[in-house]
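Novice: Below you will find the structure I want to go over with you.
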Amino acid sequence: MIRCLSIVKHAYRSNSAYRVNIVINIVSALSSLYIMIAIWNALYSKDISHTHPLEQTVTYTILQSAIFSAFHLYPGRRIAQSVYNGNIAIDLLRPVPLLGLHYAHELGNRLFRWVTLSIPTVIVASISYSILPPYSAACLLAFLVTSILGIALFSLFDCIVSYTAFWIVDNWYVNWFEGGIIAFFGGTTVPLWFYPKRLQGLLDALPFKYMSYSSIDIYLGNVDASGIFRVLYTQSFWILLFICIERIIWLQAKKKLVVNGG
Amino acid sequence: MLTLLSKFVVVRWKSRTRYPVSFILGIVGQWVSYGLEFASMWIVLSSFELLGEWLPHQVMALYSLNLCCYAGGASIAYGASRSLPIMVKDGIIDELIIKPLNSLIYLMLSNISISYISHFTLGVFGVVLSWIIQGIHFSISNLLLLILFILSGSVIHASLMILSAIPSIKMVGNISLTAFYTQVREFMYYPLSIFSKPLQFLFTFIIPCAFISFYPTSLMFEISADNFTGGWIAFFSPVVATLLAVITLSVWKITIAAYQSSGN
């Protein structure tokens, strides 16, 4: 654990080497937010009869792009990269479990991004646009808990998908499938409440909406108490299932490992 | 030059298709990713019906034209813009300078990519579909105009990619400006008229991204460009592309001339 924490610290510090990047990244994040909010303003200016008001959609966009995008951990992608370039041989010799090592690296990178990017972006965005506060203290608490579970769910899914690298080595295209599917079914670009009713059943049955959409929906007060518990149960179910799948694949992957380079 | 270009393309094609499953799945993956991105956008647009003055299929045309142009530009410049900061950081840019060829041209040719075939095919599909919905005739003149706009847009994209990478020669290890360009590119997927006037001015006269797809689509779909210019300005796209390419080459030459290697 202490070793993992020192990896987190090291990853955090190595990110701070290029300070100009911080400013440019903030400008990039704000411009991205501006685009999305300009689109929502343009859409709502013609039609204000939607079930979810503009303020909710804007708040959703800010929370999604400023907080969740910055905290999506990709330990699986790091492992896949390590398989591709042969560094996996060294990683496996380290006195830290492989997954823990890459989780810690990702956590350090993302913490840095969160502190230097998400917080300033949310502050500037809250001054420029009207961000709705959490619906209630209970909603805020549920939002925080479900967000952590959602981030865990996301990273486990990334591991499962990325472990394909052990069989096909150069799995760069898997990221395209992963990104596209999560963006569409998880509502990371467009809130799922805009999706047609006939798709809602499918969205409920898949794990992707529980990665971030459900948490923001809770924050906005669109989910009642029983709905919150349902989200928690569903997230826990998917996490347990993904942990089992990840472990099974990992056991098989170890047998398939081929170290590149020499 | 064309012989060299064709040789680089052949080499890239061979190296990429060496693993055909990987190559084909890569194309399918990009189709899925962009297709789903547009599907989610389509769901929202259909639910509201209008984005500014633009109908959903017109936004699809804008998005698709930009995708085609991006494919053209990125094929020749994305690899170069990404590898330049790494080359500077690793101190291997000297290799580039001593080649008996314009160093920028060599950098672009040696990093040429054929992977953008997926973007291009998806973009063409979107353009064709939106033309059918709008009832635009596939006449020779319209097709020639479309090709001209795709070529111009590709040059603008390529120039802006290279321009965003050039500062990394001075600011060693900095890749944020190229990432920033990726962000700027996002603006081009939507009608410029929904953004504020200063931004419309910026993307018309300072960073002329609006000439990539916004003005050409406004012209072809006869949508009144709700800003300070009319759709006719689209005819300046080739001029803007040429000017930008010249500026990019000049900035490159000046920067490389002032470059001091840290080699041993």
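Novice: Buried accessible area for the B:A pair, summed, 1.4 Å probe, in Å² rounded to 100?
Specialist: 3300
Novice: Taking the Cβ-Cβ separation of A:R3 and A:L141 as r and a Förster radius of 30 Å, what is the calculated FRET efficiency to the nearest 0.05?
Specialist: On the way: r = 32 Å, r/R0 = 1.05.
For A:R3 and A:L141, the calculated efficiency is 0.40.
Novice: Kirkwood Rh over Cα pairs of segment B:117-198 into Stokes-Einstein at 10 °C, 1.306 mPa s: D in µm²/s?
Specialist: Roughly 103 µm²/s, to the nearest whole number.
Novice: Then there is this: With only alpha-carbon atoms counted, please give the Rg and Dmax of chain A, in Å.
Specialist: Cα-based Rg and Dmax for chain A come out at 19.5, 64 Å.
Novice: Of the cross-linked pairs B:K99/B:K253; B:K170/B:K253; A:K9/B:K170; A:K209/A:K254; B:K89/B:K253, which ones have a Cα-Cα span greater than 22 Å in the structure shown?
Specialist: A:K9/B:K170; A:K209/A:K254, as the Cα separations exceed 22 Å there.
Novice: Further question: Once you average over the residues of B:23-33, how many Cβ atoms of partner chains fall within 10 Å of each Cβ?
Specialist: For peptide B:23-33, the averaged partner shielding equals 5.
Novice: Using only C-alpha atoms and all pairs of different ones, pull out the Kirkwood radius for segment B:57-110 in Å with one decimal. Walk me through the numbers before you get to the answer.
Specialist: Details: mean 1/r = 0.0782 Å⁻¹.
Roughly 12.8 Å, rounded to one decimal.
Novice: Okay, moving on. Starting from the 7 Å offset along Cα-to-Cβ, what nm value, one decimal, do you get for the label separation of A:A225 and A:L202?
Specialist: So the label points at A:A225 and A:L202 sit 3.6 nm apart.
Novice: Further question: So for the pair B:V10, A:R19, with labels modelled 7 Å out along Cα→Cβ, what separation do we get in nm?
Specialist: Going by the 7 Å Cα→Cβ label model, 5.2 nm.
Novice: Rounded to a whole number, what is D in µm²/s for chain B from Stokes-Einstein with the Kirkwood radius over alpha-carbon pairs (20 °C, 1.002 mPa s)?
Specialist: 110
Novice: Additional query: Compute the distribution of all C-alpha to C-alpha distances in the protein assembly as shown, in bins of 20 Å from 0, and list the percent of pairs in each, rounded to whole numbers.
Specialist: Going from the shortest bin to the longest, the percentages are 20, 55, 25, 1.
Novice: Based on the Cβ-Cβ distance from A:V169 to B:T121, what FRET efficiency comes out when R0 is 25 Å, to the nearest 0.05?
Specialist: 0.40
Novice: Once you have the Cα-Cα distance between A:V115 and A:S31, take 0.36 nm times their residue separation minus that, and quote the gain in nm to one decimal. Don't skip to the answer; put the middle values down first.
Specialist: Values: separation 84, 0.36 × 84 = 30.24 nm, distance 1.83 nm.
Full-extension gain reported as 28.4 nm.
Novice: Let me know the whole percent of all Cα-Cα pairs from segment A:124-196 that are separated by more than 19 Å.
Specialist: 58
Novice: In segment B:1-102, what percent of the accessible surface is made up of carbon and sulfur (1.4 Å probe, ligands and nucleic acids excluded)?
Specialist: Of all accessible area on segment B:1-102, carbon and sulfur atoms account for 67 percent.
Novice: Calculate the mean, over all residues of peptide A:178-190, of how many other protein chain Cβ atoms lie within 10 angstrom of the residue's Cβ.
Specialist: Across the residues of A:178-190, the mean count of other-chain Cβ atoms within 10 Å is 4.
Novice: Something else now. Please turn the phi angles of segment B:9-26 into ³J(HN,Hα) values with the Karplus equation 6.51 cos²θ - 1.76 cosθ + 1.60 (θ = phi - 60°), one per residue in order, whole Hz, x for glycine and proline.
Specialist: 4, 4, 4, 4, 4, 5, 5, 6, 8, 4, 10, x, 5, 4, 5, 5, 5, x
Novice: Next question. Average partner chain C-beta neighbours within 10 Å, per residue of A:243-252?
Specialist: 0
Novice: Compute the separation of the alpha-carbon centres of segment A:100-117 and segment B:69-114 and state it in Å as a whole number.
Specialist: 31
Novice: Report the paramagnetic label zone for B:L249: residues of segment B:133-147 whose backbone N is under 13 Å from a point 7 Å from Cα along the Cα-to-Cβ axis.
Specialist: Taking a point 7 Å out along Cα→Cβ of B:L249, no residue of segment B:133-147 has its backbone N under 13 Å.
Novice: Give the angle, between 0 and 90 degrees and rounded to the nearest 10, that separates the Cα long axis of helix B:237-257 from the longest principal axis of the Cα atoms of chain B.
Specialist: 20
Novice: Still on this structure: What nm distance separates the two modelled labels at B:R82 and A:F237, each placed 7 Å from Cα along Cα→Cβ?
Specialist: 3.9
Novice: Same structure, new question: Could you sort the peptides A:158-167, B:151-160 by per-residue average Cβ neighbour count (10 Å cutoff), highest mean leading?
Specialist: Output ranking for A:158-167, B:151-160: B:151-160, A:158-167.
Novice: From the P(r) of segment A:155-211, can you give the percent of Cα pairs sitting at distances over 18 Å?
Specialist: When all Cα pairs of segment A:155-211 are counted, 39 percent exceed 18 Å.
Novice: Report the full-extension gain for the segment B:E222 to B:H137: residue separation times 0.36 nm, less the Cα-Cα distance, to one decimal in nm.
Specialist: Difference between extended and current length: 29.3 nm.
Novice: With charges set only on the Cβ (+1 for Lys and Arg, -1 for Asp and Glu), what does the dipole of the protein assembly as shown come to about its Cα centre, in debye to the nearest 20?
Specialist: 1560
Novice: Let me ask something else. Given only helices, namely DSSP H runs of n ≥ 4 each adding -39500 (n - 2.57), what is the per-residue ellipticity at 222 nm of the protein assembly as shown, to the nearest 500 deg cm²/dmol?
Specialist: Values: 24 runs with 365 residues, N = 526.
Result for the protein assembly as shown: -23000 deg cm²/dmol, rounded to the nearest 500.
The values are calculated or read from the model by the stated rules, or taken from the named source; none is laboratory data. Computed from a predicted structure; not experimentally measured. Don't worry about glycine lacking a Cβ; one is built from the backbone with ideal geometry, like all the others, and counts go over all protein chains shown. With ligands, DNA and RNA removed, areas are computed over all heavy atoms of the protein, side chains included. Shrake-Rupley method; radii C 1.70, N 1.55, O 1.52, S 1.80 Å.
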